[in-house]
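Colleague: There's a structure below that I have some questions on.
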Amino acid sequence: MLVGFVCSLCGKQYGPNEVEYVCPVHGDSGNLDVVLDCAAINRIASPETISASQDSSIWRYLPLLPVADPGFERTPLRSVGGTPLYAAPRLASRLGLRHLWLKDDGRNPTASFKDRASAVVVARALEIGTKTVVTASTGNAGAALACMAAAVGLPSVILAPANAPQAKVAQLLIYRARVILVEGTYDDAFDLALAASREFGWYCRNTGYNPFTAEGKKTAAFEICEQLTLARTSKSQLPTSNMWTAPDRVFVSVGDGNIISGLHKGFKDLLALGWIEYMPKLMGVQAEGSAAVYNAWAAGTETITPVHAATLADSISVGLPRDGVRALRAVRETGGAFLTVSDDEILKAMKSLASEAAVFAEPAAAAAYAGLVKSVLIWQVDPGEQIVVLLTGSGLKDIGAAMKAAGEATRIEPSLEAVKRLISQGV
Ligand SMILES: *Cc1c(COP(=O)(O)O)cnc(C)c1O
Ligand SMILES: [Zn+2]
């Protein structure tokens, strides 16, 4: 139920059909927040009615989304979200924590969190009768858009940096997106996608530009609260009050800053509706080599200075974050913090997650866990807190990085003797 939009920079309000992407006063940096009608939502939905839904996808939250039911039941568009919230007791005890949860968003149709955004953008595209959708992407957003467009039969155009991991490029191609590899950075691809969408009248999904991406991403906040409530309720009793329980702290990796902004929006929606009691602290994790938002946070400003991005975590390799201001506010307004992690710490985190919690995450996803490890080291975290780490993409997205983290397998000639020799060496 879309009431309108409000500019995150100047607070100017717009009706639902007055603007398409950003605040006209502020140009490309004026990200719009979607405005919903809480009273109207509370008349037709409640935590109870939603928890009773048979639909395990993001579409169970339709009353809280700014789009109409897109149809296309029993297609990948309708199976986005509903990803598992895993307990991680071994990792927790290693870190001295009591309640650690991993939200595995690698378990989406295209194996990344970006499906949440692309599903809602495609629903919007259907509503406004778009003929073609376009996005810039480091890979995951593009794969997600290509998949959701394929699910509804819309042509898609994806602009990605030419050095995107091969698995991600393969994903784009197989969905028959028109794939344009840009010999430049993600930031170059971003500007080019904007220009092309204006030139050809394509509907543009660019992160930190299209206001509907954050609305898709906020569904993860809904799921976290709903799943945590169920997990904390003993089997014999159902949740007593008609409310959900928020976690105390959520760790999330930050590139453009749209995921953390979307999560913040989701928790704010639930708080405004009276469906949760408090706001979790949001912890933004950036790669050391791509830390423009962290830098602004550390400097205590809202002015974001672009950096020359360099990290193996390609999904968070962003020189000029397009949703940086809202990302800063997500952290500042919730009493969280920003952290940076090195590529080595990210590779270590990939190994820990897989071997001790059985989740294979791509580097940008594992960065969030590396951030938790650092946060525990500097005593930011209370051991009794309910902590959620959002794992945003599958490790199969970037096999090169996984091989770097895991090392080589041992080769032998095919004889039991050779196996014995190895075993005796403790391999
Ligand atoms: C896009 C992405 C991120 C970062 O999201 P932003 O909105 O750019 O901050 C993190 N992890 C993965 C796997 C992603 O694809
Ligand atoms: Zn504005």
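Colleague: Residue by residue through region 1-60, note down the ones that are among the hydrophobic types (A, V, I, L, M, F, W, C), within 16 Å of ligand 2 (Cβ to nearest atom) and open to solvent by less than 60 Å² (accessible area, probe 1.4 Å).
Modeller: Residues of region 1-60 that are among the hydrophobic types (A, V, I, L, M, F, W, C), as a first pass: 1-3, 5-7, 9-10, 19, 22-23, 25, 32, 34-36, 38-41, 44-45, 50, 52, 58-59.
From what is left, the residues that are within 16 Å of ligand 2 (Cβ to nearest atom) are 5-7, 9-10, 19, 22-23, 25, 32, 34-35.
Of everything in region 1-60, those that are among the hydrophobic types (A, V, I, L, M, F, W, C), within 16 Å of ligand 2 (Cβ to nearest atom) and open to solvent by less than 60 Å² (accessible area, probe 1.4 Å) turn out to be Phe5, Val6, Cys7, Val19, Val22, Cys23, Leu32, Val34, Val35.
Colleague: Something else: Quick one: is Lys268 charged (D, E, K, R) and at pLDDT below 95? Before you say what the answer is, go through the steps one by one.
Modeller: Numbers: charged (D, E, K, R): yes; at pLDDT below 95: no.
It is false that Lys268 is charged (D, E, K, R) and at pLDDT below 95.
Colleague: So if I check each of Ala125, Ala136, Ala141, Ala119, which one is more than 18 Å from the chain's Cα centre (by Cα), at pLDDT 95 or above and open to solvent by less than 10 Å² (accessible area, probe 1.4 Å)? I'd like the intermediate steps shown before the answer.
Modeller: Details: Ala136 fails: more than 18 Å from the chain's Cα centre (by Cα); Ala141 fails: more than 18 Å from the chain's Cα centre (by Cα); Ala119 fails: more than 18 Å from the chain's Cα centre (by Cα).
Exactly one of Ala125, Ala136, Ala141, Ala119 is more than 18 Å from the chain's Cα centre (by Cα), at pLDDT 95 or above and open to solvent by less than 10 Å² (accessible area, probe 1.4 Å), namely Ala125.
For (1) assigned by TED's automatic domain parsing to the domain that holds Gly266; (2) in contact with a strand residue (DSSP E or B) (Cβ under 6 Å, 6 or more places away or on another chain); (3) under 20 Å from Arg124 (Cα atoms), each residue gets a yes or a no:
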| residue | (1), (2), (3) |
| --- | --- |
| Gly15 | no, yes, yes |
| Glu18 | no, no, yes |
| Gly27 | no, no, no |
| Glu48 | no, no, no |
| Pro63 | no, no, yes |
| Ala68 | no, no, yes |
| Gly71 | no, no, yes |
| Leu85 | yes, yes, no |
| Leu102 | yes, yes, no |
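Colleague: Quick check: anything in region 282-305 farther than 23 Å from Tyr186 by Cα and either touching a Gly at 6+ places or on another chain (Cβ under 8 Å) or within 16 Å of ligand 1 (Cβ to nearest atom) (or both)? Quick ask: steps written out before the conclusion?
Modeller: Keep residues of region 282-305 that are farther than 23 Å from Tyr186 by Cα, which gives 282-283, 298-301.
If we keep only those that are either touching a Gly at 6+ places or on another chain (Cβ under 8 Å) or within 16 Å of ligand 1 (Cβ to nearest atom) (or both) as well, we get 282-283.
Scanning region 282-305 turns up at least one residue that is farther than 23 Å from Tyr186 by Cα and either touching a Gly at 6+ places or on another chain (Cβ under 8 Å) or within 16 Å of ligand 1 (Cβ to nearest atom) (or both).
Colleague: Within region 209-232, identify whether any single residue is closer than 30 Å to Val35 by Cβ and touching a Cys at 6+ places or on another chain (Cβ under 8 Å), and answer yes or no.
Modeller: Narrowing region 209-232 to residues closer than 30 Å to Val35 by Cβ: 209-230.
Those still in the list that are touching a Cys at 6+ places or on another chain (Cβ under 8 Å) too: 210.
Checking region 209-232: at least one residue is closer than 30 Å to Val35 by Cβ and touching a Cys at 6+ places or on another chain (Cβ under 8 Å).
Colleague: Consider Glu183 against the criteria (1) under 27 Å from Val307 (Cα atoms); (2) without any contact (Cβ under 8 Å) to a residue 40 or more places away in the chain; (3) touching a Gly at 6+ places or on another chain (Cβ under 6 Å): it satisfies all of them except one. Which criterion is unmet?
Modeller: Failed condition: (3).
Colleague: Let me ask you something else. Hey, can you tell me all the residues within region 304-348 that are within 16 Å of ligand 2 (Cβ to nearest atom) and among the small types (Gly, Ala, Ser)?
Modeller: Within region 304-348, Gly324 is the sole residue that qualifies.
Colleague: Sort out which residues of region 7-35 are within 16 Å of ligand 1 (Cβ to nearest atom) and among the acidic types (Asp, Glu), and write them in order of number.
Modeller: If the condition is that a residue be within 16 Å of ligand 1 (Cβ to nearest atom) and among the acidic types (Asp, Glu), then Asp28, Asp33 are the ones that fit.
The values are calculated or read from the model by the stated rules, or taken from the named source; none is laboratory data. Note that the coordinates shown come from a computational prediction; the quantities given were computed from them, not determined experimentally. Virtual Cβ from ideal backbone geometry, glycine too; neighbours counted across all protein chains shown. Please note that ligands, DNA and RNA were not included when accessible areas were found on the heavy atoms of the full protein model with its side chains. Shrake-Rupley method; radii C 1.70, N 1.55, O 1.52, S 1.80 Å.
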